[in-house]
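The values are calculated or read from the model by the stated rules, or taken from the named source; none is laboratory data. Everything numeric in this text was worked out from a predicted model, so none of it was measured. As a convention, Cβ positions derive from the backbone with ideal geometry for all residues, glycine included, and neighbour counts pool all protein chains shown. These area figures cover heavy atoms from the full protein model, side chains too; ligands, DNA and RNA do not enter into them. Shrake-Rupley method; radii C 1.70, N 1.55, O 1.52, S 1.80 Å.
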Amino acid sequence: MKTVKIGNTNWQVSNIALGTMRMGNLAVSKVVDALQAAHEAGINFIDSADIYGNDPELGRGSSEIHFGEALAQSGLTRADFFIQSKVGLFANADNQIIRYDSSKSHILKAVDGILSRMKVDYLDSLLIHRPDPLMDPSEVAEAFDELQAAGKVRHFGVSNFNPQQIALLQSAADQRLLIDQLQFGLKHTGMIDFGLHTNMTDDGSVNHDGGLLDYLRLNKMTIQTWSPFQYGTFAGTFINNEQFPKLNAELAKLADKYGVSKNAIAVAWILKHPANIQVLIGTMNPQHLQDSAAGSDITLTNQEWYDLYLAAGNTLP
């Protein structure tokens, strides 16, 4: 398992992380299996959020409850993982997002809840989950200060923020924002398309995110990619999907060449990019987890990277 440096620090972690979103729907014994498989594969980074697993019986954060219980039963320890969580989202009983909250009082209360559910004393990193139109950067900065001074959070970042939103929060925060967590993968390539189609008038030239990829690289922020195997936004996986025959044929060809799964090749495609990227995978199936993690050690050629990009339905000007 290769590593990646988080932000502009010397904090080295596995370049593949395990997400907890699906843990709330599993028996704790299955979560134990997933944690052990992740550890065996060399994964030492856990990504969570307080909204994951909105269970009707356990309530908010059942994924974090299951993680805490599973870690205690797994034979592993807190020292085996770097742990990150996210705050700021509220959902109703149907799991529909109904508001964001980046107030100081909420952030402080949310972190206490996370630590209690996960049965840990501190988080290695905390992200603001989504940009909140009502966010007061000074309140967020005060929350960061208090959490860091209390030893509850070591590092900070954001998720799904554009460059100006990052700059606004950074203008108030003393702590360097190290991470932006974003959707990115073979079927979600907008950050790359815009750069390739500079000064053109086709669909690919539309700047959807304010030049986010270049901004993050210039500011030495780590990109954490969520849903790396999805097309659209939670529409489904492109792996072995008959809607994408060219892409799957190219994935299969390279999987055969390198002796790994299609998922591993899709991971290797993301990691080939020279930006500071860490891939988040969310499967709880131990075999699938290890299959995907194998992509960490695959280095595609430049031509193979472009072949996959084109097979995914993109064009080069």
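Structure notes:
- The packing ranking of peptides 140-153, 217-230, highest mean first, is 217-230, 140-153, where packing means the average number of other beta carbon atoms within 10 angstrom of each residue.
- Fraction of accessible area attributable to carbon and sulfur, the range 158-231 (%, probe 1.4 Å): 50
- Note on the chain: helix-only mean residue ellipticity at 222 nm, from DSSP H runs of 4+ residues weighted -39500 (n - 2.57) and normalised by residue number, equals -11500 deg cm²/dmol.
- For the range 157-240, the solvent-accessible area with a 1.4 angstrom probe is 45 square angstrom per residue.
- Label point 7 Å beyond Cα of ARG217 along Cβ direction - residues of the range 186-206 with amide nitrogen under 19 Å: 186-200, 204-206
- Of HIS288, HIS197, HIS129, the residue with the greatest mean-square motion in the GNM of the chain, using alpha carbon springs below 10 Å, is HIS197.
- When the solvent-accessible area of the range 41-150 is split by element, carbon and sulfur atoms take up 48 percent of it, the probe being 1.4 Å.
- Each principal axis of the range 1-111 carries a Cα extent, and these read 39, 37, 20 Å when sorted largest first.
- Length gained when the stretch LEU316-ALA93 is fully extended (0.36 nm per residue, less Cα-Cα span): 75.8 nm
- Shape class of the range 47-119 from the Cα gyration tensor (axes a ≥ b ≥ c, square roots of the eigenvalues): oblate, since a/c reaches 1.5 or more and a/b does not exceed b/c.
- Of all lysines in the structure, those lying under 21 Å Cα to Cα from LYS272, and not within fewer than 8 positions of it along the same chain, are LYS2, LYS5, LYS187, LYS220, LYS246, LYS253, LYS257, LYS262.
- Neighbours of ARG78, meaning other residues whose beta-carbon lies under 11 angstrom from its beta-carbon, give a summed charge of -2 when Lys and Arg score +1 and Asp and Glu score -1.
- Restricting attention to the range 92-205, close to 10% of DSSP beta bridges with both partner residues there are antiparallel.
- Sum of side-chain charges, ASN276 neighbourhood, beta-carbon under 15 Å (Lys, Arg +1; Asp, Glu -1): +4
- Here the extension length gained between LYS2 and LYS119 equals 39.3 nm, from 0.36 nm per residue of separation less the Cα-Cα distance.
- Sequence-distant residues sharing a close amide H with PHE45 (under 5 Å, placed H): SER14, LEU18, PHE82
- Shape call, the chain: gyration tensor on alpha carbons, a/c limit 1.5: oblate
- The convex hull around the C-alpha trace of the range 213-285, projected and averaged over every direction, spans 5.8 square nanometres.
- The modelled label-to-label distance between GLU142 and SER171, using points 7 Å beyond Cα along the C-beta direction, is 1.9 nm.
- Three-way shape call for the range 183-233 based on the alpha-carbon gyration tensor, with the a/c threshold at 1.5: oblate
- Available extension along the chain between ALA150 and VAL206 is 15.8 nm, counting 0.36 nm per residue and deducting the alpha carbon span.
- Longest to shortest principal axis, alpha-carbon extents of the range 5-46, angstrom: 38, 20, 10
- Phi to ³J(HN,Hα) by Karplus 6.51 cos²θ - 1.76 cosθ + 1.60 over the range 105-118, Hz, x for Gly, Pro: 4, 5, 4, 4, 5, 5, 5, 4, x, 4, 4, 5, 5, 7
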